[in-house]
Amino acid sequence: MMLHILPTFVETCPLKPACSREHVYKSEFMGKELSKMTLEELWKLFPIFLVEHTDKWIDDYKEIETLLRDLFAGCPVHGINHIGSTAIKGIWAKNIVDVMVEIPESSRLMDMARILEQNGFIIMSAEANRISLNKGYTENGFADKVYHIHLRYAGDNDELYFRDYLNEHPDVAKEYEALKLRLWKQYEHNRNAYTDAKTGFISKWTAEARKEYGDRY
């Protein structure tokens, strides 16, 4: 089962050092099946790598939303939403579009996950109330378009509040961007540590968002 693989900011040319290392890692693991790689190898092949904000992410989201609605036609879906840093205006982010799919509790998450598996998605993690899948991870590194799909039961949607709050409070969004850029190279090949280091910030502002927005979702 594939796990989350996920980059200090260099002012003059932030991307060049990482690009050269990425080429080395791709050569090292070229052609090796993902299922046979160690976690360390996966983290090297799929490092944390931040890029400037691009409106292309909006188009990528619309494309995957259309596909998901087609795949889930006839299935009960509470909502499909663009989440994560690519959904926050103007900030650097990993070139990965995160999508949350909420379903009613009367449905089974695994049934929805199986539909996605049959259409090229890979389960990254599975818990009783959450399943995450990806598309765009290959033996040669990231594809041009990479997606994380987060299957949830309706109401398990803190990410929507965090997204809205940062989009409506650009100063907080810039603080988040600065944090991500500081953590980038520190945890370039350890996505779990990178994610954990952001948890306090996300929890703080999600709580503020819940206060301000009430039952928006």
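Among strands (runs of 3 or more DSSP E) lying entirely in the stretch 80-156, which contain 1 or more residues that are out of contact with any Phe, Trp or Tyr (no Cβ under 7 Å at 6 or more places or on another chain) and of a type in the set (D, E, K, R)? Hits in the stretch 80-156: 97-103, 130-138, 141-153. Looking across 215, 156, one residue alone is more than 14 Å from the chain's Cα centre (by Cα), modelled with pLDDT of 95 or more and acidic (Asp, Glu). It is 156. Scanning the stretch 65-107 for residues that are crowded, with 20+ Cβ neighbours inside 10 Å and basic (Lys, Arg) turns up just one, 94. Report, by residue number, each residue of the stretch 128-143 that is loosely packed, with under 14 Cβ neighbours inside 10 Å and modelled with pLDDT under 95. 128, 138, 140, 143, listed by residue number.
The values are calculated or read from the model by the stated rules, or taken from the named source; none is laboratory data. In this text the structure is predicted, and so the values were computed from the model without any measurement. Backbone-built Cβ (ideal geometry, glycine too); neighbour counts: all protein chains shown.
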